[in-house]
1. Considering (1) touching a Leu at 6+ places or on another chain (Cβ under 9 Å); (2) surrounded by fewer than 20 Cβ atoms within 10 Å (Cβ to Cβ); (3) touching a residue at least 12 places away in the same chain (Cβ under 8 Å); (4) not in a loop (DSSP other than H, G, I, E, B), say which one B:I86 fails and leave the rest.
2. Of B:V142, B:V146, which residue is of a type in the set (A, V, I, L, M, F, W, C) and more than 13 Å from B:L106 (Cα to Cα)?
3. Return the residues of the stretch B:120-165 that are more than 14 Å from chain A (Cβ to nearest Cβ) and part of a loop (DSSP other than H, G, I, E, B); say none if nothing qualifies.
4. Scan the stretch B:110-119 residue by residue and report those that are surrounded by fewer than 16 Cβ atoms within 10 Å (Cβ to Cβ) and within 14 Å of chain A (Cβ to nearest Cβ).
5. Please note which helices (runs of 4 or more DSSP H) are completely contained in the stretch A:192-285 and include at least 1 residues that are within 14 Å of another protein chain (Cβ to nearest Cβ) and among the hydroxyl-bearing types (S, T, Y).
6. Report yes if A:K291 is buried (at least 17 other Cβ atoms within 10 Å of the Cβ), assigned by TED's automatic domain parsing to the domain that holds A:L223, in a helix (DSSP H, G or I) and touching a strand residue (DSSP E or B) at 6+ places or on another chain (Cβ under 7 Å), otherwise no.
7. A:L157: of a type in the set (A, V, I, L, M) and part of a loop (DSSP other than H, G, I, E, B), yes or no?
8. Mind checking which pairs have a first residue in the stretch A:586-607 that is at positive phi and a second that is surrounded by 20 or more Cβ atoms within 10 Å (Cβ to Cβ) and charged (D, E, K, R), Cβ under 7 Å, 6 or more apart or different chains?
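The values are calculated or read from the model by the stated rules, or taken from the named source; none is laboratory data. These numbers were taken from a predicted model, which means no experiment stands behind them. Glycine gets a Cβ as well: all are built from the backbone with ideal geometry, and neighbour counts include every protein chain shown.
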Amino acid sequence: MRLESARDLEDLREELLREPRRPTVRVCCGTGCRAAGAEEVLSAFEREVERHGLDVEVTSSGCQGWCERGPLVAAEARQVFYLSVSPHDVPAIVDHTLRRGRPLERLLYHTPSGEPVPNREEIPFYRKQVRVVLRNCGRVNPTDIRDYIRVGGYSALAKVLTQMSPEQVIEEVERAGLRGRGGAGFPTARKWAACRAQQETPKYLICNGDEGDPGAFMDRSVLEGDPHSVIEGMVIAAYAIGDVPEGYIYVRAEYPLAVRHLEIALRQAEEYGLLGEDILGTGFSFRIEIKRGAGAFVCGESTALMYSIEGKRGMPRQTPPRSVERGLWGKPTVLNNVKTFASVPVIISRGADWFAGIGTEGSKGTQVFALTGKVQNTGLVEVPMGITIRELVYDIGGGPREGRIKAVQIGGPSGGCIPEHLFDVPVDFDSLQEVGAMMGSGGLVVMDEADCMVAIARYFLSFTQAESCGKCTPCRVGTYRMLRIMDRIVEGKGRIEDLEELERLGRWIKETSLCGLGRSAPNPILTTLRYFREEYLAHIEDRYCPAGVCRSPGHYRINPEECIWCGLCAEACEDGAVRRTRQGFSIDPRLCTGCGRCRAVCPTGAVLFTEEVAV
Amino acid sequence: MGEPVPERGVRTEELANRLEPILSRYRGQEGGLIPLLQEVQGELGWLPEEALKLVAEATGLTLARVVGVASFYAQFYFEPRGRHVIRVCTGTACHIRGAPKILERLEEELGIRAGETAADLSFTLETVNCVGCCALAPVVVVDERVLKRRDHKKLWEWVRKRRVE
């Protein structure tokens, strides 16, 4: 079926809306729920509905967000939302909810006081969320374009192509205040306008879906759960920029399901005349091709990504010239993040004022976070810009699993660690920069007292160091030298001068690296040095890891001259290595794991530590 | 994936015939190098030296350039791969929820280090930066299946069974 005009699209939508809506059961089949067994749940529903001969539509959806409690099932007509559903629960759900219209209480969300909450929107995890980018995620079937059209999909494209000039589109995005969702937050409209102003043709458009940050899965969820919103946003962008015959969606290699759903969506969009030649009969043409990444983190950097599409090693180059002047194949190119494109259609259809009404003065709209780590509720959340970290962690995340939350790591390996006392900082591009972190792509990992901040900082650095492409010296050699120092510190062999050296190296790498990877690589170290310096000092001065994570290979013994027989060391030892004998306390080296607790609690400094001598 | 190439030193002719349908679509196209390598690896399971030579020939690029690109990306393999690939996610969320311990135990059970393949080609063990299932951390991906924490018991049983076979 090919739509020849905007009118055709509206007619189709009306027809779809007129169709009697059968009660729908939507089983979340995002990667998270799939891992939890969603596909078995889906087929169990299909079997059971058929067995009872019910007039119910059973369908899959993209990520519904609360991955922790998956597989998620929404019985939409009844407004009932089930958590952790297994195939064995399905007959009971069908019987209770679909046949008799009653919720099945045991699979509902229960408040801490034990009250069941059937409606998804009233669950604390969802209540504070504002879904703009994720508006359709989990609410439409991503493999059926008609679902997207029914909820208003492609109407923004029709409006743009028939009623707006390219300048008006850019103007609208400008007024909405949309900033790039890839992390750096560059104003989207300014990028488009700069590319539009270029004389050279053809121009190219790229959607960056190379989501490489460990701890982030927002882009994956959008591509899997609502691919058409990204496609629609790209076609609108191509129209606004002008002279763009072709666009690319660069998807990370580790996301096979996203590629599969995108392929289906592209094919359907072309069949319906919403992509390809002569879109909606307006004479405007634009093609999209998928490029699969091959596993290089640095390809998330825009110039490196373009080299990768050209079939070269994905190494960044010096800017300027910026990509909007000389990008892919040396032609003017606009590159935006998945979520940026997904935001565009809703800005056009609901208006710039509506979008600008969400968020803060400098950061409009919403931000999608992958909330993970040591909180009760983990998953995909979308919140208005300017929400505080505290609200995110405690109201949506539900607070700690056990113990006390110590910090959040925001923005992945290029971001920073923010300590608990700064949790009232609003989450927006500029406030985060002020405290030394950055929005990054939106990973938000919560850490508690069992996490050693020094070890975490070392972990991130080891990641960026390994992913450094090696082109520029500050990043290649600098991150390596920093990592060697960090290795020394976590092994309990650090020196006090190391801290100054880390800061000095970090500053240099930030100032002199070629691309964003190097320029942000020291952030985890620098922020932890700033906010958790006492943990570094404990590792260096006391050879002790307060979180009990780092082990120092070395030899502990108790000096009988200093020992006052208080026994605190024996109490502190979790490995039973401190023995009490007639001669006093001693440490059994066969049981000692080198945690250093005994040394930290000793009031007289009687626990001595000798470094392991390399043979 | 087709039949994997089990050993090194396969006959070039045989390989050329097998890869011809793929190579012919990319002949003379410089820009298609990465998708071409992906398809060749999809067919063979890894990239033997002979295959890289054929790719260089077909695209008109030097072998140095082809190897230069292939070796830049983590997803290209220059050694045969095991029949089962176990990937331990070491992303942030998995890291803080215990991935290093799982990796250590797998290395012990399988007798190979991360990044290695068992001599009998039964398993390849490797780490992956993030598979985007952070909410289920720590996760292990076996072939294409994502296993979350609760499934790890099954993982150990599975590993043991496969080792006996």
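1. (2)
2. On the way: B:V142 fails: more than 13 Å from B:L106 (Cα to Cα).
After ruling out the rest, the residue left standing is B:V146.
3. Residues of the stretch B:120-165 that are more than 14 Å from chain A (Cβ to nearest Cβ), as a first pass: B:120-125, B:153, B:156-165.
Once the filter is applied, which keeps residues that are more than 14 Å from chain A (Cβ to nearest Cβ) and part of a loop (DSSP other than H, G, I, E, B), the stretch B:120-165 yields B:D120, B:L121, B:S122, B:E165.
4. Initially, the stretch B:110-119 is screened for residues surrounded by fewer than 16 Cβ atoms within 10 Å (Cβ to Cβ), giving B:111, B:113, B:115, B:119.
Selection gives B:G115 alone.
5. Values: elements: A:218-225, A:227-241, A:256-271.
The helices (runs of 4 or more DSSP H) meeting that bar are A:218-225.
6. Details: buried (at least 17 other Cβ atoms within 10 Å of the Cβ): yes; assigned by TED's automatic domain parsing to the domain that holds A:L223: yes; in a helix (DSSP H, G or I): no; touching a strand residue (DSSP E or B) at 6+ places or on another chain (Cβ under 7 Å): yes.
So A:K291 fails the test.
7. Working: of a type in the set (A, V, I, L, M): yes; part of a loop (DSSP other than H, G, I, E, B): no.
Considered against the rule, which asks whether it is of a type in the set (A, V, I, L, M) and part of a loop (DSSP other than H, G, I, E, B), A:L157 comes out as no.
8. Matching pairs, first to second residue: A:G596/A:R543.
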